[in-house]
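Below: the structure, in structure tokens.
Nothing in this text is a laboratory measurement; each read-out follows from the coordinates by a stated rule. Quick caveat: nothing in here was measured; it's all calculated off a predicted structure. We place every Cβ from the backbone using ideal geometry, glycine too, and count neighbours over all the protein chains shown.
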Amino acid sequence: MYGKIISKETKIKLSTANGSPVQVLNTKTSEIKLYTSRKAAAIALSCNASTVSRYIESDKLYKGIFKIAGGGPPHPPPLFIDK
């Protein structure tokens, strides 16, 4: 951000506010991991964020083990929209 050093805490806040939450289920161990963004999930799975997006859309298992699901919108929808 314009040459400024951003703290780890600030990075987490930004990721939570701007990212799309992702849930990853390991079908062998039934362990569920939650990530603040598709990029964070991609880093954990050693793949690209676009790969995570494709597997969310397709409902297929990644590497035959991981079920990847989008966690919904990062922000609640507006209650009303002015026209």
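Observations on the structure shown:
- Placed amide H near Ser20: partners under 5 Å, 5+ positions off or other chain: Arg38
- With K and R counted +1 and D and E -1, the other residues having a Cβ less than 9 Å from that of Ala49 yield a net charge of +2.
- Net charge, Leu61 excluded, C-beta distance under 13 Å - Lys, Arg +1, Asp, Glu -1: +4
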